[in-house]
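Heads up, the thing below is written out as structure tokens.
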Amino acid sequence: MHRFRYWIAALAALAAGLAVLQFPEGFVRSYLGDVVVVVFIYAAIKSLVDVAALKLAIGVLAFATLPEILQFFQIAERFHLTGAMRIAVGTTFDPLDFLAYAVGTAAIYLLDIMLLGRRASPASALHLPRWNSRR
């Protein structure tokens with residue numbers, strides 16, 4: 001049941017991402033799309049495996065920024081990439097994409113540690129010891 005929350009979050013992010021694609025090129029499609037994609041990746045991974053929130057956030061942020069770094073160094077042009085590889089790497093470097101990825105990663109990380117990651121009792125969510133009423 002615990003991972004179900006992450007499935008819901010991933011599906012919500014996927015729906016938001018599909019909605020963003022309906023917008024013409026511009027702020028919403030470019031930057032909000034980048035925010036939503038990292039939320040989707042984080043939630044999808046967390047729905048499948050139990051991994052520490054901070055480690056996952058750092059990994060997702062690194063994964064998301066890798067194509068942007070490759071774009072900065074113009075890898076697609078230098079290696080004459082075509083088709084799916086060219087799409088995956090991308091061709092247009094935008095430093096604001098780093099900010100969008102960071103905002104999305106921070107948002108889902110905070111949502112995770114504050115809401116999604118909670119278990120049955122508040123004590124376990126806060127990593128506090130449970131006090132046994134029987135002594």
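Miscellaneous remarks
- Dipole of segment 4-119 computed with +1 at Lys/Arg Cβ and -1 at Asp/Glu Cβ about the Cα centre; of 107, 57, 117, farthest Cα towards the positive end is 117.
- Value in Å of the Kirkwood radius, where the chain supplies the Cα pairs that are averaged: 16.5
- Residue with peak Gaussian network fluctuation, the chain [Cα springs, cutoff 10 Å], from 40, 79, 63: 79
- Taking 0.36 nm per residue of separation and subtracting the current Cα-Cα distance, fully stretching the chain between residue 11 and residue 63 would add 16.7 nm.
- Estimated FRET transfer efficiency (residue 85, residue 114; beta-carbon r; R0 25 Å; 0.05): 0.05
- Choice from 86, 29, 78 with maximal GNM fluctuation in the chain (Cα, 10 Å cutoff): 78
- Cut-off 11 Å (backbone N to label point 7 Å along Cα→Cβ of residue 48), residues of segment 15-31: none
- Only the Cβ atoms of Lys and Arg (+1) and of Asp and Glu (-1) were treated as charged; on that basis the dipole of the chain about its Cα centre amounts to roughly 1040 debye.
Any read-out appearing in this document is the output of simple, stated calculations on the displayed coordinates, not a laboratory observation. The structure presented is a predicted model; accordingly, all values stated were derived computationally and were not measured. Note: ideal-geometry Cβ built from the backbone for every residue, glycine included; neighbour counts use all protein chains shown.
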